[in-house]
Amino acid sequence: MATAPNKRKCAVIGCGNVGASIAYTYTMSGLFSEMVLIDLNRAKAEGEAMDLSHGLPFLSPMKIYAGGYADLTDAFLIIIAAGANQKEGETRLQLLSTNLKIFASIVRQIKQYTTSAILLVVTNPVDVLTYYTMRVSGYPPEKVIGSGTVLDTARLKQLLGNYLSVDSRNIHAFIIGEHGDSELAVWSSANISGIDLDDYFRITGACNDNECLQDMFADVRDAAYRIIAGKGATYYAIAQAVMRITQSILRDENTVMPVSTLLHGEYGISDVCLGVPAVVGVTGVKRVLEIPLDENELQKLRKSAQTVKQELADCHASFV
């Protein structure tokens, strides 16, 4: 008989910079009472668990330990953050060959011990690996979620907020598509607390042409490359993005966010995982929202889907 998932238990697979940062945000959040850390390097997982545990006297009680895949049987949420790091000058899609091999082992071991958890994929290229995880695990699509363009969207809001001197939480705009070079900004429906972005520009005299928007989007798209050039890896902001997705799942908030999920004909796209606005709650992705796009945005989204589909086609032999 299958073990019922414990909503207060999570697992983080991969204890590199990203996985460790996610584990830290979970320790600080108070959302979970048990967290298991899994890494091919057992000593690394043990060291992270020990270090995190030493801060618990200042926080909510929590059991944090290094474990193995057998510890996943009653986990409610499993974060997959294992994989090779993106190197300077390397695109996310160039990571694919290496990380598919890593995921092949991980996903099959997860499947061996649980089919009830929600799987949240963070490793890049996240859209391809989300699709791969769904296919190999046999999990229903709504329970396999990629971090998608949640972080890219946050970067856009932060840059817009700085540019306009407005609280970024009042900015409503999306980056959608591949979490990578073919992503796009949805300017046509962007607004500041309900004020259309173009109208806000007109009222304030900001951004008299599209060049500032193009520059801003380029800053968002290329942000990871600049961070990697400066410090070697990105991990703080993605950990916060994962935390926000987790909050919506655990609290059944039904938050709309552009996670990577399987499309079933939305936007004229099927059989690929992309970052698109979706309602996220306790059962995973509850529904995909087909937001209005202008013709140029729609074509860019479909082109982005083709980019990811080509990567899926190139790695088809791995889907066994």
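Values quoted throughout were computed directly from the atomic coordinates according to the rules given, and no laboratory measurement underlies them. If you're wondering where the values come from, they're calculated on a predicted model, not measured in any experiment. Methodologically, a virtual Cβ is constructed for each residue, glycine included, from the backbone with ideal geometry; neighbour enumeration extends over all protein chains shown.
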Once you place label points 7 Å from the Cα toward the Cβ at ASP51 and VAL256, how far apart are they in nm? 3.9
Above-threshold pairs, the threshold being 32 Å between Cα atoms, out of LYS101/LYS303; LYS111/LYS309; LYS7/LYS309; LYS7/LYS87; LYS101/LYS300: LYS7/LYS309; LYS7/LYS87
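Tell me, in nm to one decimal, what length is gained between THR204 and SER60 on full extension, where the rule is 0.36 nm per residue of separation less the Cα-Cα distance? Show your work: numbers first, answer last.
Values: separation 144, 0.36 × 144 = 51.84 nm, distance 4.55 nm.
In short, 47.3 nm is gained.
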Tell me, what ³J(HN,Hα) does each residue in segment 266-273 have, in order and in whole Hz, if you take phi through Karplus 6.51 cos²θ - 1.76 cosθ + 1.60 with θ = phi - 60° and put x for Gly and Pro? 4, 6, x, 10, 9, 6, 7, 9
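Divide by every residue of the chain the summed helix terms, -39500 (n - 2.57) for each DSSP H run of at least 4, and state the resulting mean residue ellipticity at 222 nm, rounded to the nearest 500 deg cm²/dmol. Provide the component values of the computation, followed by the final result.
Working: 10 runs with 133 residues, N = 320.
Value at 222 nm, helices only, nearest 500: -13000 deg cm²/dmol.
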List, in order, the whole-Hz ³J(HN,Hα) value for each residue of segment 189-197 obtained from phi through the Karplus relation with A = 6.51, B = -1.76, C = 1.60 and θ = phi - 60°; use x for Gly and Pro. 10, 5, 8, 10, 6, x, 8, 3, 4
Which Cys residues of the chain have no other Cys beta carbon under 4.7 Å away? CYS10, CYS15, CYS273, CYS315
Contour minus Cα-Cα span, THR3 to LEU289, at 0.36 nm per residue, comes to 99.7 nm
Amide H neighbours of THR115 under 5 Å, at least 5 residues apart or on other chains, H built in the peptide plane: list them. none
